[in-house]
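Input: a single structure, listed below in structure tokens.
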Amino acid sequence: MRSGFLVIDKAPGTRSTNCTNLVKRILGGKVRVGHAGTLDSTASGVLVLLVGKATRASRFVMMLPKTYLVTARLGSSTDTDDLSGQVITLGDADNVDEVCIDRALLSFSGLRDQVPPSFSAVKVKGRRAHSMARRGLDVQLEARPVLVTSIRRTGPLEGDLEVPMVIKCQQGTYVRSIVRDLGAALGCGATVSSLTRSSLGPFIMADAIPSDDLAAMNADSLEERILPLSAISTSFTNFIAHPPEEELILSGRPVPFERLERRGWGAYPAKDLVTITGSRVLSFARIEVEKGRSLARAVTNIPLEG
């Protein structure tokens, strides 16, 4: 079984962990299968699964930007910040128009503090917030910085007070919190009525297997859909290591950048992380400066196949 990435189009109502476990059963118990961030059960769209040695790249895939298609329903708030929850407030949205919405959305772009939803996987003193909230406990979560690179309305405000938007953001951003806070800014309340992740870095819906199709697939048909490790290596600024430099990497020593061959800047360059591809290993490396020299120090090595 080759290592790489499986892109799943998760259906709403399906749990991300169920998709992961089903793929693991199909591929066989000895094959490692992980994920690069789950989706809410009510959400749909791109769920990236990591197969075999690619599981070592999980935290790097999660660093990549995400795009969401979201519909916000104005005029009410729920305890879960989506339609799966109980309505906790009703508001008057009669005076809200598209100009008001567009003006309010401007304040959500860029780096800002965000309080996660009470129904989330954030831990409070070692306990998941959602488990506490389901027991009726008061959940107090601290604001944390998130980065929204783009947010805009993509259609008109409909008669049912629903407005479609597209949001591009970085790791740790909760779209449900954005919609909740938008409702507060408009003074009428808002909740998510539909949410789809359309991309995670280079992984898009066009590459995805519908989650409803998984049960009818076997190991061979799944393996045919595995994307190679190069799908992630070229997302970051990427270099090629020749044999002498690869030996340094494998021995845990830093490599001067002048001894590496840059292949590309990458679609999503990070300020302190690069990838290095040799003949035997794909490395994720941190950038260090020592005595005026820029060095690459591998933090994760993934053996290449064949």
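The values are calculated or read from the model by the stated rules, or taken from the named source; none is laboratory data. Predicted, not measured: the structure shown is a model, and the values here were computed from it. FYI the Cβ positions are ideal-geometry reconstructions off the backbone, even for glycines, and counts take in every protein chain you see.
Test residue 77 against the stated conditions and say whether it is surrounded by 19 or more Cβ atoms within 10 Å (Cβ to Cβ), at pLDDT 95 or above and not aliphatic (A, V, I, L, M).
Judged against the criteria, residue 77 is a match.
Just to check your reading of the model, which residue among 34, 28 is small (Gly, Ala, Ser), modelled with pLDDT of 95 or more and either buried (at least 18 other Cβ atoms within 10 Å of the Cβ) or assigned by TED's automatic domain parsing to the domain that holds residue 209 (or both)?
34
Might you check whether a residue that is part of a strand (DSSP E or B), without any contact (Cβ under 8 Å) to a residue 24 or more places away in the chain, over 15 Å from the mean Cα position of the chain (by Cα) and closer than 19 Å to residue 117 by Cα occurs anywhere in region 70-78?
Checking region 70-78: not a single residue is part of a strand (DSSP E or B), without any contact (Cβ under 8 Å) to a residue 24 or more places away in the chain, over 15 Å from the mean Cα position of the chain (by Cα) and closer than 19 Å to residue 117 by Cα.
Just one of 193, 233 is within 25 Å of the chain's Cα centre (by Cα), closer than 22 Å to residue 58 by Cβ and hydroxyl-bearing (Ser, Thr, Tyr); which is it?
233
Could you grab me the full set of residues in region 276-306 that are basic (Lys, Arg) and part of a strand (DSSP E or B)?
286, 293, 297
Determine whether region 186-199 contains at least one residue that is assigned to a helix (DSSP H, G or I) and not β-branched (Val, Ile, Thr). Break it down into steps so the answer makes sense when it comes.
Here is the first cut: in region 186-199, the residues assigned to a helix (DSSP H, G or I) are 186.
If we keep only those that are not β-branched (Val, Ile, Thr) too, we end up with 186.
So far as region 186-199 goes, yes, one or more of its residues are assigned to a helix (DSSP H, G or I) and not β-branched (Val, Ile, Thr).
What is the number of the single condition among (1) touching an Asp or Glu at 6+ places or on another chain (Cβ under 7 Å); (2) farther than 20 Å from residue 44 by Cα that residue 193 does not meet?
(2)
Quickly run through region 94-138 and pick out the residues that are among the aliphatic types (A, V, I, L, M), modelled with pLDDT under 95 and out of contact with any helix residue (DSSP H, G or I) (no Cβ under 6 Å at 6 or more places or on another chain).
115, 121, 124, 129, 132, 133, 137, listed by residue number.
Hey, can you tell me all the residues within region 13-37 that are in a loop (DSSP other than H, G, I, E, B) and touching a residue at least 60 places away in the same chain (Cβ under 8 Å)?
Pass one, region 13-37, residues in a loop (DSSP other than H, G, I, E, B): 13-15, 28-32, 36-37.
Matches in region 13-37: 14, 28, 36, 37.
I need a count of the residues in region 37-65 that are of a type in the set (Lys, Arg) and surrounded by 16 or more Cβ atoms within 10 Å (Cβ to Cβ). I'd like the intermediate steps shown before the answer.
If we filter region 37-65 for residues that are of a type in the set (Lys, Arg), which is where we start, we get 53, 56, 59.
Narrowing the set further to residues that are surrounded by 16 or more Cβ atoms within 10 Å (Cβ to Cβ) leaves 53, 56.
Residues flagged as of a type in the set (Lys, Arg) and surrounded by 16 or more Cβ atoms within 10 Å (Cβ to Cβ) within region 37-65 amount to 2.
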